[in-house]
Every structure is written in C-alpha cells, then in structure tokens.
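Beneath this line is the structure, given in structure tokens, with notes to follow.
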Amino acid sequence: MSTLADIVGCMADYDPDALPVARANEVIRSFVTPVTGTETLPVRAALGRVLAGDIVSPIDVPSHDNSAMDGYAVRSADLSPDSPVTLAEVGVALAGKEFRGEVAPGQCVRIMTGAVMPANTDTVVIQEVVKVEAGRITIPPGQERGQNRRFAGEDLRKGKPALGAGALIRPAELGLLASLGMSEVKVKRRLRVAFFSTGDELRSVGESLGAGDVYDSNRYTLYGMLARLGCEIIDMGVVRDDPALLEAAFRKAAASADAVVTSGGVSVGEADFTKQMMARLGEVVFWKIAMRPGRPMAIGRIESEGKSAFLFGLPGNPVAVMVTFYHFVRGALLYMMGRKDTELPLLRVKSQAAMRKKPGRTEFQRGILERRDGEWTVRLTGAQGSGILRSMSEANCFIVLHHEQGSVKPGEPVDVMLMEGLV
Ligand code: AMP
Ligand code: MG
C-alpha cells in the first residue's frame, strides 16, 4: 500500500492549499485499494453487487442456429433472385420442438421464432410475404441468403468471457447469468463504511433546538448516498467537538470499517485540533480544493487495534457534503468495492441563462435539466449557497463548470452530470 506522502511526493505541482479537483481524485485513486473478500450468492441476491471474477461461458448461447422470425425455413439454393419460387411445406419447427427430418431440394418447413433451424436450411422467409396454397408455399424474389437466422453462440460463445471482473450486476447481468444456466455467482464482499457528524451545534431529530442549533441532516444524506451505493453502513451518530470524544470515535471506526466518512470539523477554524488528533491515528492530509462548493477536505488512513480504514473528512455544510461525496468519495468507494467503471458521463446542453464563473476552480452548480421548445436545456435551481440543501433537492443534475472555464453566456452549451445514476 502506498502512503499519501509517497503519492503526493511524485506530483510536480501538488499544492494542498489549491488542489484542482482532478488532481485530488488522482491522489485518492492511487491511495485507496479494493477489498479482497468475496462471497457466493444466488444470482438474484447479487443484484447491485460487484462481480469478483471473470465469467467464462460454459455453453454457446443460443445453443443452436435458430429462427429470428415466424415464417418458413428454406434452402437458399432453391430461391431465385428475380422470380417467385414455390416450395412444398414438409413439416413444422416450433421453439422447443425441432423438426427432425431432412429438408430436400424444393421443400421448406414452417418455423416459429426460436425454433432450431432444420437440417439443410439456412434462411427464413417471413410469413407475411409468402403465399400459402394447400401446402404449397410461394416465395417472392429478393430474399437474402441467411436472413432471419440466429447463429449458435452469437450471443455468448462457449469458452469466451461473458462478463468481466468488476462489473456491476444489473438486471441485464442477472438475465445473462441465467442464460448461461448459472444459479450462483461470486461477488465482492460488501464495503463497510462508518460515518458520523461532528459539531456542538447539532441536534438529532426528535430533540428540540436551542439558539444556534441545527438538526443533523448530513447523517441522513450520507445514509442515503451510502445505502444507494450498496455499502454496509455503520451509523456512529453525532460526535461533539471534543478531541477525546472524536479520537475515540475515529478509533472505533478504524477498527470496524473499510472506510470512514465524516462531516464537519475540517474548515479552517476547526481543522487545527482535528489535525493534531488525526496525526496520532495515522496519515491524514488536509486539502483546500479549488472548487465550489466544498473547499476543505481531509483524506487519509487511520489505524486502530491493528486494523485500518480510509478516511474521508468532508466539510460540514449540507450541500458541500453531498457535492464532495459525489465527486470524490463515490468513485473511491466504488473502486474499493472492486468496480472497474466508476466514471459518469457528462452531457452537453444549452444553458438558459448566464452564469458567472472564475477560471481556476471547478464549480458544481445544481441544475434543472428540462425540455424547452423541443430541446433539452439547463437552468440553475436558484440560490447556490453551500448551506442551501433545497438546491440539491430541486436539482436533477449538476452543472459542471470546469477548472479553466470562465463565465457562461445565455444559450451557450455547458456540461451536466445527471443525478440519476449518481444516486
Ligand atoms: P463545519 O464544517 O463543521 O465548520 O460546518 C459548516 C456549517 O455546516 C455550519 O453552519 C454547520 O452548522 C453546518 N453543519 C455541520 N454539520 C452539519 C450537519 N451534520 N447537519 C447540518 N448542518 C451541519
Ligand atoms: Mg463544525
């Protein structure tokens, strides 16, 4: 395992006080490591899990050449390119009930979708174009040799990889595994993630608020985001801004989880005592990221009782928590879960209005992607303050204003990242 000091030591332009988003993600990605444990599950129970190894197909799918349409299986040598041909119908081939005879020249077989191609036939003529008269089938010219025929193994070939290690098991993969006749599948074990909120001002729901108090909402957004990723969740509650209590919480988390996600306590005013305390627990760096919202962040690995956990210390502001989670932690946790694909696509759409932006930082504005005059466009959700959680709730996308990018004029294209797929 590399240390953070090793990783950042190799970076020519590493500046912890003005770290571009992409740089921060590079450091995190070189630092975290995938879990090695696996478990074998019934196929359906593996939905949402990560495949532990390659799946090599034990069979050809489909196992035989078969028809893609309802119609007539013919010998293409019998057909003529420019005049109709009349053939004798000698039998029927159904899905699951093959035609066992031989098809001689001048003959054809009625065939249904999925039925095995009868011996000697290579082409299917769809039923809609033929003329049927007392067992005599007249086929119009212009049929293509081999049409409407599916080949054995054209979906999955025996001995070839059907799925790769690190794939997310989605509904398509459940079906694919079933099509191979598999009832069980080996997946990566679940990632254990502990999380807690820090702050003397935080109250839990059900308590009453005193002057200056706020309800702890971060533990709810974090719960939701971690649950959606499919993590095993350890909710450690609210921890007061007290070095001894914080140290105990971090030690407990390090001993029981693969990763720890916290909110609050890393802003400039609070970072000093957190830094001193964390220096005792392992290796933790404090960053100011060139982004908005969500500038401060702590990343590291902490140890306790011979075990260790990766630490993601997120800022306290409710929007900053979600933005930093989605743009740094999500990818890191997926990678730790063994996922190969962690990047989400950016789509380019027209901005309805102007947006002010300074080059030199990445901004993740909260946007509403909507259709206007038949075209997809995006607009801001309204006030974009990092404490305004409503801006996340109303949004269906992030508007990603890149590091070097400046202000946006009305009608100009911008990059957006859909929230569906993130969550
Ligand atoms: P901090 O990063 O701890 O300085 O917190 C920044 C801001 O976020 C302050 O206004 C906090 O009250 C607020 N905040 C911190 N943690 C939470 C939380 N768990 N839920 C809601 N707001 C929070
Ligand atoms: Mg705080």
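Between helix 218-229 and the chain, what is the angle of the helix's C-alpha long axis to the longest principal axis, kept within 0 to 90° and rounded to the nearest 10?
The answer is roughly 30 degrees.
Can you check what the net charge comes to around residue 203, using other residues whose Cβ is under 15 Å from the Cβ of residue 203 (Lys, Arg +1; Asp, Glu -1)?
Details: positive: 219, 240; negative: 200, 201, 207, 213, 216, 241.
With Lys, Arg at +1 and Asp, Glu at -1, the neighbours total -4.
What Kirkwood Rh does region 98-207 have if only Cα atoms enter the pairwise 1/r average? Answer in Å. Write down the numbers at each step before the final one.
On the way: mean 1/r = 0.0497 Å⁻¹.
Averaging 1/r across every pair of different Cα atoms and inverting gives 20.1 Å.
Give me 304, 80 sorted ascending by neighbouring Cβ count inside 10 Å, so fewest comes first. Walk me through the numbers before you get to the answer.
Working: 304 18, 80 12.
Arranged by neighbour count, lowest to highest, 304, 80 become 80, 304.
Exposure proxy check: 11, 117, 322, 417 ranked by fewest other beta carbons within 10 Å?
11, 417, 117, 322
Per residue, how much space in cubic angstrom lies within the convex hull of the C-alpha atoms of region 209-289?
On the way: hull volume 10.0 nm³, N = 81.
In region 209-289, the Cα hull volume divided by residue count equals 124 Å³.
Any idea what diffusion coefficient region 151-215 gets from Stokes-Einstein, in µm²/s, Kirkwood Rh on alpha carbon pairs, 4 °C, 1.567 mPa s? Write out the running numbers ahead of the final one.
Working: Rh = 16.9 Å.
Result for D is 77 µm²/s.
How far is helix 21-31 tilted, in degrees, relative to the longest principal axis of the Cα atoms in the chain, given as a value from 0 to 90 rounded to the nearest 10?
80 degrees
How long are the three semi-axes of the equivalent ellipsoid for region 304-372, computed from the Cα gyration tensor as the root of 5 times each eigenvalue, in whole Å, largest first?
Values: eigenvalues 199, 56, 22 Å².
Rounded to whole Å, the semi-axes are 32, 17, 10.
Binned at 10 Å from 0, what are the whole-percent values of the Cα-Cα distance distribution for region 1-141, short to long?
For region 1-141, the binned pair fractions read 10, 25, 13, 10, 10, 11, 13, 7, 1 percent.
At 4 °C and a viscosity of 1.567 mPa s, what translational diffusion coefficient does Stokes-Einstein give for region 44-85, taking Rh as the Kirkwood radius over Cα pairs? Give it in µm²/s as a whole number. Walk me through the numbers before you get to the answer.
On the way: Rh = 15.5 Å.
For these conditions, the coefficient is 83 µm²/s.
Expected output is a single nm value to one decimal: the length gained when fully extending between residue 17 and residue 305, i.e. 0.36 nm times separation in residues minus the C-alpha distance. What is it? Could the numbers behind the result be given before it?
On the way: separation 288, 0.36 × 288 = 103.68 nm, distance 3.22 nm.
Gain on stretching residue 17 to residue 305: 100.5 nm.
Ignoring solvent entirely, what values of log10 I(q)/I(0) come out of the Debye formula for the chain at 0.06 Å⁻¹ when each Cα is a single scatterer?
Treating every Cα as an identical point scatterer, log10 I(q)/I(0) equals -0.41.
Report the local net charge at residue 186: Lys and Arg +1, Asp and Glu -1, summed over other residues whose C-beta lies under 11 Å from its C-beta. Present the calculation step by step, with values, prior to reporting the outcome.
Working: positive: 49, 188, 189; negative: 39, 54, 184.
Local net charge: 0.
Is there a pair in 97/160; 288/340; 252/307; 288/358 whose C-alpha atoms are over 19 Å apart, and which pairs would that be?
Values: 97/160 28 Å; 288/340 28 Å; 252/307 10 Å; 288/358 17 Å.
The answer is 97/160; 288/340.
Tally the DSSP beta bridges in region 98-238 and give the antiparallel ones as a percent, rounded to 5. All intermediate terms of the calculation are to be shown ahead of the outcome.
Working: 3 of 11 bridges.
Bridges in region 98-238 that DSSP calls antiparallel: roughly 25 percent.
Which angle from 0 to 90°, rounded to the nearest 10, does the C-alpha axis of helix 268-279 make with the longest principal axis of the chain?
Result, in degrees: 80.
Which one of 44, 292, 371 has the biggest mean-square fluctuation once the chain is modelled by GNM with Cα springs under 10 Å?
Sorting by GNM fluctuation, first place goes to 371.
Alpha carbons only, please: Rg and Dmax for region 14-84, in angstrom.
27.1, 79
Let me have the 222 nm mean residue ellipticity of the chain computed from DSSP H runs of 4+ only, each contributing -39500 (n - 2.57), with the sum over all residues rounded to the nearest 500. Intermediate values should be presented prior to the final figure.
On the way: 9 runs with 83 residues, N = 423.
Estimated from H runs of four or more residues: -5500 deg cm²/dmol.
List the extent of the Cα atoms of region 200-349 along each of their three principal axes, largest first, rounded to whole Å.
Extents along the principal axes: 44, 40, 30 Å.
Shape call for region 215-256 from the C-alpha gyration tensor, a ≥ b ≥ c root eigenvalues: rounded (a/c under 1.5), prolate (a/b greater than b/c) or oblate? Walk me through the numbers on the way to the answer.
Details: a/c = 4.13, a/b = 1.47, b/c = 2.82.
Taking the square roots of the gyration eigenvalues as a ≥ b ≥ c, region 215-256 is oblate.
Could you line up 31, 328 from fewest to most neighbouring Cβ atoms inside 10 Å?
Working: 31 21, 328 24.
The fewest-first ordering by Cβ neighbours comes to 31, 328.
How much FRET efficiency would the formula 1/(1 + (r/R0)^6) give for residue 122 and residue 56, where r is the Cβ-Cβ distance and R0 is 35 Å, rounded to 0.05? All intermediate terms of the calculation are to be shown ahead of the outcome.
Working: r = 30 Å, r/R0 = 0.85.
Taking R0 as 35 Å, the efficiency between residue 122 and residue 56 is 0.75.
Using a 7 Å offset from Cα along Cα-Cβ at residue 39, what residues in region 169-202 end up with backbone N under 17 Å from the label point?
What the label zone holds, given the 17 Å backbone N cut-off, is 169, 184-194.
Can you tell me what share of the DSSP beta bridges in region 261-375 is antiparallel? A percent to the nearest 5 is fine.
Here the antiparallel bridges make up roughly 75 percent for region 261-375.
Three principal axis extents, largest first, for the C-alpha atoms of region 155-273, in Å?
67, 27, 24 Å, listed from the longest principal axis down.
Read the figures in this text as sums done on the coordinates, not as results from a lab. Quantities reported herein were computed from a predicted structural model and do not represent experimental measurements. Counting neighbours? That spans all protein chains shown, and the Cβs are built from the backbone with ideal geometry, glycine included.
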